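Presented below is the structure to which this report refers.
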Amino acid sequence: SYHTVVCLDVLIHYPQDKVTDMIAHLSSLAEERLILSFAPKNPFYVALKQIGEFFPGPSKATRAYLHSESKIVTALKANGWQVKRQEFTATQFYFSRLLEAVKGSG
């Protein structure tokens, strides 16, 4: 086990049902802190992703899964985590939600 487990730019490769399992697995490895990023799902990013699918190219970013933040937080809470900090990163073609969760009660 580890004090802190970091999972950056990985969850975009998993559908929501697998993300819940992944968070449970990462939780089994982390003792105090879990830091993870995901592509947030909202109407704007869903539309942007759909537009991007019309333009194939070297980037496979359009194959990324978007995730509901509330479902990610629910999975974290179900595994004994409490979100301590959150950040958002965005550039022209990259957007990511970053959450830091710590062990704690509801």
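The values are calculated or read from the model by the stated rules, or taken from the named source; none is laboratory data. Just so we're clear, the structure is a prediction, and the values are computed from it rather than from any experiment. Every residue, glycine as well, gets a Cβ built from its backbone with ideal geometry; the counts of neighbours run over all protein chains shown.
Structure above, values below:
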{"read-out": "Segment 1-45, residues that are among the small types (G, A, S) and within 14 Å of Y65 (Cα to Cα)", "value": "S37, A39"}
{"read-out": "Filtered residues of segment 81-93 (kept if part of a strand (DSSP E or B) and out of contact with any Pro (no Cβ under 9 Å at 6 or more places or on another chain))", "value": "W81, Q82, V83, K84, R85, Q86, E87, T89, A90"}
{"read-out": "Hits in segment 65-80 - residues which are in a loop (DSSP other than H, G, I, E, B) and modelled with pLDDT of 95 or more", "value": "N79, G80"}
